[in-house]
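Comments concern the structure below.
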Amino acid sequence: MVGLESAGKGAERSTASLEELALLAETAGAAVLETVVQRREAPDPACYIGKGKAQELAGLVSERGAALVIFNEELSPSQLRNLDRVVGVRIVDRTALILDIFARRARSREGKLQVELAQLQYLLPRLTGLGPQLSRLGGGIGTRGPGETQLEVDRRTIRRRISDLKREIGALRRHRTLHRRQRQRNRCPVAGLVGYTNAGKSTLLNALTGADLYTEDKLFATLDPSVRRGRLDDGREVLFTDTVGFIKHLPEQLVAAFQATLEEIIAADILLHVVDISHPQYLLQIDIVRQHLARLEPEYYRKELLVFNKIDSLDSFSEEEAYLRRQHPGASFVSARRGDGLDALKEALARELDRFSERVKAYLPYQQGELLEQIRRFGSIIGLYYRPGYVEVEARVDPALSRQLAAYQHPPGTKGPAGKSGKVESGDG
């Protein structure tokens, strides 16, 4: 692995970035033999690390018998060509490595199409001069997916395939939009789980909903979005959506290709920002996730609820918790694996949802049992009283359901403010 350390970036941050690169490499199936760090203010335009350092790297590669060199930043096409000539083994940058992991983890048709699109968009400007690089495409990291099939194709073929993929993804995007509209018509609030990769989003979704999604202590263990139904302690139903995790320098090609998937974040009523509190750089990870969220939804902070996960991994937590509660009032602290703090999280989620609801009192004839069921499922009942001929209910509901209940503001048989009878036929409303 090769990385740069500049005075402005700081040694600690560079070390953390390379440690993350090592985890990415291991996730992709590589065994890291050596880490090379060069201290310079800016990457060399020709070889990223300079020609002299590149020749030194070539000697180290030969000495250790390495088959692959991974760079911690995205390389330009010219840097990739020059390094390939000097070093003599496959060169992969951080972007290509992440794309390879996504190609391995994609399971759904939509996920596979999105990854292929991102790979082709990455490959297109790098075709020129990649003869030696492509001739070594025998398998391994950086060759997953379309890379193995692009040895003889030209730019026109790739562009045609990119157009086809965009059309297919566009059709799937419209299908996903219809699903979201259906959920909105059903009035079920949506909580989107977002966070840095491996923060424990899928584990938390399982804990909140009783689902059995695949989880693993690896980066990008889950890639395809999942939606599961859960219930808060006050009886309200909530749809929890698990989306792809973020990471530092998430490739632009992936962000563009996964736009349809990431729109689930924009459509959510609440964002549960899951944070791995056991990670030494968790504060930096919070900033990175927020930068990604700001690009997707500039006012994301209005619906963000911080959830510090993996508290069971800390030896001493009380002092850290006191500090974080001062810095982030309203945050929740949980162990999704053990179930600690889930009740408090559900209460916090209920309070956040109440900010988007209205308090109403309605007098429902017994024939309107369907409306009462909607209040039970999608609202929060404060008081419920069975009277002769009707049910008196006080609850918090969303604005759409509140408008529907406006016809039942007075008991049946009484006069409303406009002089009209409060009695309503069973088909109304």
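The values are calculated or read from the model by the stated rules, or taken from the named source; none is laboratory data. No experiment lies behind these values; they were computed from the predicted model shown. Cβ placement follows ideal geometry from the backbone for every residue including glycine, while neighbour counts extend to all protein chains displayed.
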Pick out the one residue from Val307, Val393 that is in the same structural domain as Arg236 (by TED's automatic domain parsing), modelled with pLDDT of 90 or more, among the aliphatic types (A, V, I, L, M) and closer than 24 Å to Gly230 by Cβ.
Val307
Going by the structure shown, is Arg85 part of a helix (DSSP H, G or I) and surrounded by fewer than 19 Cβ atoms within 10 Å (Cβ to Cβ)?
yes
From the list Gly339, Gly330, pick out the single residue that is in the same structural domain as Asp276 (by TED's automatic domain parsing), modelled with pLDDT of 90 or more and on the phi > 0 side of the Ramachandran plot.
Gly339
Given (1) of a type in the set (Lys, Arg); (2) over 23 Å from Gln281 (Cβ atoms); (3) under 30 Å from the mean Cα position of the chain (by Cα), Lys53 misses just (3)
Restricting the search to segment 251-268, which residues are more than 22 Å from Arg109 (Cβ to Cβ) and part of a loop (DSSP other than H, G, I, E, B)?
Ala268
Looking at this structure, is Glu347 touching a residue at least 24 places away in the same chain (Cβ under 8 Å), surrounded by fewer than 19 Cβ atoms within 10 Å (Cβ to Cβ) and not polar (S, T, N, Q)?
yes
Taking only segment 263-289 into account, find how many residues are free of Cβ contacts under 8 Å to residues at least 12 places away in the same chain and of a type in the set (D, E, K, R).
1
For Glu321, only one of the following conditions fails: (1) surrounded by 14 or more Cβ atoms within 10 Å (Cβ to Cβ); (2) at pLDDT 80 or above. What is its number?
(2)
Segment 277-313 - residue that is out of contact with any helix residue (DSSP H, G or I) (no Cβ under 6 Å at 6 or more places or on another chain) and assigned to a strand (DSSP E or B) and, of those, nearest to Val190 (Cα to Cα):
Glu304
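One line per residue, one yes/no per condition, for (1) in contact (Cβ under 8 Å) with a residue 24 or more places away in the chain; (2) surrounded by fewer than 22 Cβ atoms within 10 Å (Cβ to Cβ); (3) in contact with a Phe, Trp or Tyr (Cβ under 6 Å, 6 or more places away or on another chain); (4) assigned to a loop (DSSP other than H, G, I, E, B):
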| residue | (1), (2), (3), (4) |
| --- | --- |
| Ser14 | no, yes, no, no |
| Leu21 | yes, no, no, no |
| Ala42 | yes, yes, no, yes |
| Ile70 | yes, no, no, no |
| Ala96 | yes, no, no, no |
| Asp100 | yes, no, no, no |
| Arg107 | yes, yes, no, yes |
What single numbered condition from (1) closer than 30 Å to Glu168 by Cβ; (2) more than 29 Å from the chain's Cα centre (by Cα); (3) crowded, with 17+ Cβ neighbours inside 10 Å fails to hold for Leu127?
(3)
Which is over 24 Å from Glu252 (Cα atoms), small (Gly, Ala, Ser) and either under 32 Å from the mean Cα position of the chain (by Cα) or not assigned by TED's automatic domain parsing to the domain that holds Phe220 (or both), of Ala58, Ala96?
Ala58
For segment 350-389: of the residues being without any contact (Cβ under 8 Å) to a residue 40 or more places away in the chain and under 30 Å from the mean Cα position of the chain (by Cα), which is nearest to Ser402 (Cα to Cα)?
Arg355
